[in-house]
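One structure is given here, and the rest of the page talks about it.
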Amino acid sequence: MSCKNETKTAEVENNTPEIVKKETPSVANKTSKGTFLCKINGKDWSYTKASGIVLTHKKTGIVTAIVTFTKQLEKGKETLQLFL
């Protein structure tokens, strides 16, 4: 039996974890006029007060949520309701 002269090379893997920087968006953008909610007709709409109620129909078991957003204006209030 004869053996050949073989040279083995060591392969080294670089297993360093990759560091990824993620920026989480803020939940709500605060402005001097309230908290930004959405754009309505191309204009930013913000609210100063939010409230809601959850209702469950006895027979069908359907759950309905009503969320009311109120914006305080210089003269009066503006209200937006969402039915979910």
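Where a number appears in this text, it was derived from the coordinates with a stated rule and is not lab data. Keep in mind that this is a model prediction, so the values were computed, not measured. Positions of Cβ are backbone-derived with ideal geometry, glycine not excepted, and every protein chain shown enters the neighbour counts.
What to note about this one:
- Debye, to nearest 20: dipole size of the range 32-83, +1 on Lys, Arg Cβ, -1 on Asp, Glu Cβ: 100 debye
- Cβ crowding within 10 Å ranks PHE69, PHE83, PHE36 as PHE83, PHE36, PHE69, fewest other Cβ atoms first.
- Distant alpha-carbon pairs in the range 32-83 (separation over 13 angstrom), percent: 65 percent
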